Each structure stands twice: as structure tokens, then as C-alpha cells.
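The values are calculated or read from the model by the stated rules, or taken from the named source; none is laboratory data. Bear in mind that the values here come from a model prediction, so they are computed numbers and not experimental data. Every residue, glycine as well, gets a Cβ built from its backbone with ideal geometry; the counts of neighbours run over all protein chains shown.
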Amino acid sequence: MDETQNPAKRAKTFQGSEGVEIVIAPNAGACFGVVRAIKLGHQAAKRSKEEAVQAFGPLVHNPKSIQELESAGVEIVNDPDEIRDGTVILRSHGVKQEIEAEFKRRGIKVVDATCPLVKKPQRIASSLGQKGYFLVLVGNSDHPEVKGVLSYFGRADYLVTYTAKDLERIPTNSKVGILAQTTIEFKVLDEIHKAAQARFREVVLYNTICDATSVRQDEASILAQKADVMVVVGGRNSSNTTKLVKICKSYQPDTYLIEDKQEIIPSWFTGKKKIGITGGASTPQEYVDEVGTYIARLIESGFDMVIPEPDSTLIEEAYGTD
Ligand code: SF4
């Protein structure tokens with residue numbers, strides 16, 4: 001999916017007093033898979049009466065979202081054996097199929113929050129396994145998404161790698177199917193695909209990369225080159241958020257990572273004319289917008305540390321109602 005086509009997400013710019021401009025990157029904040037997982041988590045909590053609602057592993061890498069889910073009654077459980085009766089929610093990047101089957105066997109109700117873009121490589125892996133292909137999965141073997149996809153392949157003749165050289169370990173007469181972890185860079189997949197074409201008798205490529213991460217990274221680099229200061233909103237435990245910080249810092253050393261608007265220090269913005277804001281793919285968009293509104297109020301108050309109580313009309317004044 002090309003997220004830049006999503007009309008719901010557009011750059012938000014606020015022209016504040018003293019000519020200060022606050023710009024939020026067009027796709028800053030949660031991808032649709034994360035939005036869906038959070039929504040399914042809250043819906044499951046609302047539906048359940050007495051029964052336990054548990055998420056297998058953190059549903060999203062954002063401490064604030066996790067706190068909200070826990071307050072709503074969703075318990076985060078990391079060991080599948082600790083999942084009790086009731087409902088279990090499967091995380092957006094999927095689980096091994098045997099774990100899901102075991103939950104069902106034990107009579108636990110499964111709410112599948114696996115992102116549709118992760119379901120796709122799972123389905124393709126299963127088909128490649130049945131047709132006798134050697135699977136090359138381009139990605140990180142420790143990542144839960146990769147472990148999940150491999151479980152659908154269901155055979156031992158696979159390779160998980162980031163480097164074309166590793167293809168030398170596969171017999172040249174193999175027919176090879178190539179899949180990608182959703183968050184890898186296209187150039188890595190392309191390099192391995194080209195090397196595979198030169199080596200094997202038959203190669204089929206499935207580009208299963210999701211562009212949510214790359215779209216946010218491209219926007220962050222463009223914004224950071226123009227801004228006098230950058231604020232990145234997201235979990236410190238989120239790899240896509242910390243990557244955004246790294247990219248922004250390479251263009252704008254005055255880059256700050258925050259999980260919540262309360263962490264903002266007013267002096268960051270003293271004398272700055274253009275303030276850029278972005279957020280990781282695991283950060284709900286409203287958190288990013290809240291930060292924009294908060295900074296706008298801060299500037300309006302003359303960088304006074306005492307911030308007036310939020311006024312719901314300010315968001316509309318600052319960013320419009322769309
Ligand atoms: S990053 Fe892409 S694949 Fe992962 S949850 Fe978001 S939309 Fe789905």
C-alpha cells in the first residue's frame with residue numbers, strides 16, 4: 001500500500017506568533033496495522049465481561065498505548081503457556097501457527113490482530129512449502145514476524161539472510177522462492193534477488209515489503225533538512241522510532257525523542273523559526289498531534305513553563321478540522 005495516497009494523512013502546518021512554523025510530517029504516527037491492532041485490543045476488552053483478555057506479547061511498541069490497553073483490561077503476557085482461558089489477541093507482526101493452533105486447542109478465543117501485510121508472506125510461505133521451493137526469507141531470524149512466517153513454510157530447506165553471499169549455501173539446482181520481512185529495505189531484497197537469478201535454475205520473487213517505515217523515513221529526512229529543531233514522538237523501545245531519530249539527527253542535530261508531551265523542554269524551541277515533528281509507525285497519530293498542539297500553546301504563551309489547560313478548539317484553529 002502506498003501510504004502517501006492516504007487522503008486522511010496530510011502535512012499539518014501551524015503558523016504561530018513571531019513567524020514560527022510547526023510542521024507535522026504527513027504520515028507521522030501509526031501505520032494502519034498498528035491502528036487496527038490497538039482497536040481490536042480495545043474492542044476485545046470492551047466485549048469481555050468476566051473473562052480475561054490477554055495480548056500475546058506487546059501489541060505495539062509504544063508504552064503509552066500499552067498503558068491505555070492495560071487500563072482498559074488487556075493483560076500483556078509474553079509466555080504462551082501463561083495464557084489462560086478467555087481471549088487472546090495476536091500481535092500485528094504475527095505468531096507461529098503452532099502457537100495459534102495451541103490456543104485454539106485449549107479453547108481460548110483468538111482475536112487475530114496480525115496485520116494483513118504480514119498475513120500475505122505467511123500465506124505465500126505456506127504455498128511455497130507445499131510446492132517444494134527452497135525458501136529465502138530476507139530479514140532478521142530473531143524477529144517474531146520471521147519466526148511466524150517460517151512456521152507457515154513448515155519445512156527445513158530455508159535460509160534467512162541479509163546478504164547475497166549466503167546464497168552459496170544453497171544447491172544451484174534448487175528452485176528458489178524469495179520473500180521479505182515487511183520492514184526491510186528494498187535495496188537489500190533487490191541485491192539478493194539479482195544474485196539468486198544469476199545462480200539458480202528457477203527464482204520467484206514476492207516483494208512483501210511494507211512501505212510504512214520507508215515513507216516515514218523519507219518524510220523525516222526531508223523535514224529534518226528544513227527544520228531548525230525536530231521532535232520525534234514514539235516509544236524508546238520501538239526500533240522504527242529510534243531509526244527516525246537517527247535519520248533526523250544526521251540532518252538536524254537538534255533532534256529530541258519523546259514518548260509524551262510532558263517531556264518537552266521549552267528551551268528547545270527558543271529562537272527557532274521552523275519546528276518539525278514526526279512519529280514512528282507504532283505511535284498513534286493523536287499523540288503526535290497532541291505534541292504539535294502543545295508546542296503551539298507553548299509558543300503562544302511566550303515560552304512560559306506554565307501551559308494553559310488544553311482547549312479542544314485550538315487543534316482546529318491550529319491545524320484545521322481535516
Ligand atoms: S509496519 Fe506495515 S506490516 Fe507492520 S503493522 Fe504496520 S502496516 Fe502492517
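Structural remarks
- Exactly one residue out of LYS246, LYS272 is out of contact with any strand residue (DSSP E or B) (no Cβ under 7 Å at 6 or more places or on another chain) and surrounded by fewer than 22 Cβ atoms within 10 Å (Cβ to Cβ), and it is LYS246.
- Residues of region 218-241 that turn out to be under 12 Å from the mean Cα position of the chain (by Cα) and within 15 Å of the ligand (Cβ to nearest atom), as a count: 6
- From the list ILE178, ILE192, ILE170, the one residue that fits, being touching an Asp or Glu at 6+ places or on another chain (Cβ under 9 Å) and buried (at least 21 other Cβ atoms within 10 Å of the Cβ), is ILE192.
- Matching residues, region 227-238, being crowded, with 16+ Cβ neighbours inside 10 Å and at pLDDT below 95: GLY234, GLY235, SER238
- Residue in region 183-217 that is farthest from THR255 (Cα to Cα), counting only those that are within 18 Å of the chain's Cα centre (by Cα) and among the aliphatic types (A, V, I, L, M): ILE209
- In region 145-167, of all residues being of a type in the set (A, V, I, L, M, F, W, C) and closer than 28 Å to ALA101 by Cβ, the one that is surrounded by the most Cβ atoms within 10 Å (Cβ to Cβ) corresponds to VAL149.
- Flag if GLY94 is surrounded by fewer than 16 Cβ atoms within 10 Å (Cβ to Cβ) and part of a loop (DSSP other than H, G, I, E, B): no
- Pair list, Cβ under 7 Å, 6 or more apart: region 161-190 residue assigned by TED's automatic domain parsing to the domain that holds HIS143, other residue at pLDDT 95 or above and of a type in the set (S, T, N, Q): LEU179/THR208; ALA180/ASN207; ALA180/THR208; THR182/THR208; LEU189/ASN207
- Applying a threshold of 6 Å to beta carbon distances and a minimum spacing of six or more residues, or different chains, the list of pairs starting in region 57-84 at a residue that is polar (S, T, N, Q) and ending at one that is part of a helix (DSSP H, G or I) reads SER65/ILE38.
- Residue in region 178-197 that is away from the ligand (no atom under 16 Å from the Cβ), within 25 Å of ALA25 (Cα to Cα), assigned to a helix (DSSP H, G or I) and of a type outside the set (Phe, Trp, Tyr) present: yes
- Of residues in region 104-135 being free of Cβ contacts under 8 Å to residues at least 60 places away in the same chain, in a helix (DSSP H, G or I) and within 16 Å of the ligand (Cβ to nearest atom), the one surrounded by the most Cβ atoms within 10 Å (Cβ to Cβ): ALA125
- Within region 82-91, tally of residues that are surrounded by fewer than 24 Cβ atoms within 10 Å (Cβ to Cβ), out of contact with any Lys or Arg (no Cβ under 7 Å at 6 or more places or on another chain) and either of a type in the set (A, V, I, L, M, F, W, C) or not in a loop (DSSP other than H, G, I, E, B) (or both): 3
- Flag if GLY279 is of a type outside the set (A, V, I, L, M, F, W, C), out of contact with any Lys or Arg (no Cβ under 7 Å at 6 or more places or on another chain) and modelled with pLDDT of 95 or more: yes
- On inspection, ASP142 fails the criterion of being more than 15 Å from GLN97 (Cβ to Cβ) and either within 16 Å of the ligand (Cβ to nearest atom) or part of a helix (DSSP H, G or I) (or both).
- If only residues of region 204-222 that are polar (S, T, N, Q) and not in a helix (DSSP H, G or I) are counted, the one that is surrounded by the most Cβ atoms within 10 Å (Cβ to Cβ) is THR208.
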